[in-house]
1. Kindly list the number of the only condition in (1) over 16 Å from B:MET278 (Cα atoms); (2) modelled with pLDDT under 90 that fails for B:ALA88.
2. With respect to B:THR308, is the statement that it is part of a helix (DSSP H, G or I) and either surrounded by fewer than 18 Cβ atoms within 10 Å (Cβ to Cβ) or within 14 Å of chain A (Cβ to nearest Cβ) (or both) true?
3. If you go through the range B:265-286 one residue at a time, do you hit one that is of a type in the set (S, T, N, Q), at pLDDT 90 or above and either assigned by TED's automatic domain parsing to the domain that holds B:PHE310 or touching a Phe, Trp or Tyr at 6+ places or on another chain (Cβ under 7 Å) (or both)?
4. For A:ILE54, only one of the following conditions fails: (1) more than 23 Å from B:ILE236 (Cβ to Cβ); (2) part of a helix (DSSP H, G or I); (3) within 14 Å of chain B (Cβ to nearest Cβ); (4) in contact (Cβ under 8 Å) with a residue 12 or more places away in the chain. What is its number?
5. Every residue in the range A:14-26 that is assigned to a helix (DSSP H, G or I) and touching a residue at least 40 places away in the same chain (Cβ under 8 Å), please.
6. Condition test on A:ALA10, is it free of Cβ contacts under 8 Å to residues at least 24 places away in the same chain and in contact with a Ser or Thr (Cβ under 7 Å, 6 or more places away or on another chain)?
7. In this structure, does B:ARG192 turn out to be modelled with pLDDT under 90, under 21 Å from B:PHE11 (Cβ atoms) and among the basic types (Lys, Arg)?
8. Of these, A:SER77, A:SER91, A:SER68, which one is over 24 Å from B:VAL300 (Cβ atoms) and either within 12 Å of chain B (Cβ to nearest Cβ) or modelled with pLDDT under 90 (or both)?
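The values are calculated or read from the model by the stated rules, or taken from the named source; none is laboratory data. Predicted model only: the values in this text are computed from it and were never measured. So basically every Cβ, Gly included, is an ideal-geometry build from the backbone, and we count neighbours across all protein chains shown.
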Amino acid sequence: MLDIALLTAAIETPLFFLFGFKKFRYLIFFAGINIVSNLLLNGFLDQIDFEWWILIVSEIFVVILEFSLCTYFIEPSRKLFRTIVATNLASLILGLIIFY
Amino acid sequence: MILAIQTLQHFAVDGICAANLARYAIDEEFFDQIVLYFGIYNLIAFGTQWLMGLAIDRKFIGIKIAFGISIATLTLGSIQSLGIMNQAILLGIGNSIFHVAGGSLVLNRYQTFKELGIFVSSGAIGLALGLNGIVGFEIFLPLYWALTILFLKRFHGELELPIQTESIQREDPKTLAMLICAILLLSCIVLRGFGRGVPTEFVMLFPCVLAIGKSLGGFVCDRFGFRRTILAILLIGTVAIQFEGLAPILILTLALNMTMPLTLRLVHWCNPKFPGMMFGLAAGCLLPGAFFHESIPPQVTVTIQFLTLFIAGYLIQKFAREDFDARYRTSYSGN
């Protein structure tokens, strides 16, 4: 479970950097947030029968969770929200390519 | 002192109800009958609290009268010859009215979280001692009598406090925002109601963890602030879920129960003129968990609890109480 979370963090954190959140502190926190949210998401998906709608709803919750957690160290803004949506979309697509 | 007595009263009241129901269950040979009467008790004890609370808030029932009714009903409910149906109803009423009377007093007297955590924590211990037959109603009932007499004599003049709304509420709280906030918080409580322990050889282990969690939540919130507390609960819960065994389950249970004083206080702030009703509504949200034994993945519970509390806290700070958790405004100052 942790390896998938680390892989996701490895995909999303550089994207977060590319979207303009360049401070080292931001990146460390964001990587941590990614690991937490992915441990929760993958732990949940492991316990249920896979359905596409569940995956999509779960991803929406992950975006909201990551945005909420990001507000602990970055001022909330539309840019932050868009960045989180984009990084999660990217990791979701990449994850689907890798695992399916 | 008043809080200590109320906490002990809570311990005794839950103990009386549990001990009487356990006394019946031991002699009953049909399991469905036990489920039925426990269900009736739960329905009255949890489901009527909002109504009792409203009656207390509206001054239809005074606090002293409420304690009097609880003593009378709990005493009558302990008489086995009345029959289990009457006992379940009387115990349910006594339990319900005590909780809202005690809860609204604590909500009104204090403006911080720890007192609520302490008050609610002792119930789990009394419940477990009574249900497991470790302590009988013969101990709990005189204890409740003694505590209530002491309480009413000692704090006679302090019980009808004016409801403190001025210091906690903006003049123009946004009703819709507070409604959304209340729904979020109540759904968080519903979710927590589905939490279950696991069977262990130590029957008091989980009740003690529940009690510690509830108390700890209030202290941590007062010391470190609301936002940091819910973050800590999320992180502790996430780590605990990754491991198997009794210890991680205990840690997860502890973390999830730390939210209890937080939800109660915020639910009160959604509608501070009705502390009894809001306390009762929160208690009523435990009913689904008492009747439906669905298993919810802990990841869902941890995530939804965090999100509902986070959003509710934001709404409270923005629309009702500007001084709530200064860290909402200063958390970015170091960037």
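1. Of everything listed in (1) over 16 Å from B:MET278 (Cα atoms); (2) modelled with pLDDT under 90, B:ALA88 misses just condition (2).
2. yes
3. Of the range B:265-286, the ones of a type in the set (S, T, N, Q) are B:271.
Next cut, at pLDDT 90 or above only: none.
No, that holds for no residue.
4. (4)
5. Looking only at the range A:14-26, we keep the residues that are assigned to a helix (DSSP H, G or I), and these are A:14-18, A:24-26.
Result: A:LEU15, A:PHE16, A:ARG25, A:TYR26.
6. Judged against the criteria, A:ALA10 is not a match.
7. Taking the combined requirement at face value, the residue satisfies it.
8. Numbers: A:SER91 fails: over 24 Å from B:VAL300 (Cβ atoms); A:SER68 fails: over 24 Å from B:VAL300 (Cβ atoms).
Among A:SER77, A:SER91, A:SER68, only A:SER77 is over 24 Å from B:VAL300 (Cβ atoms) and either within 12 Å of chain B (Cβ to nearest Cβ) or modelled with pLDDT under 90 (or both).
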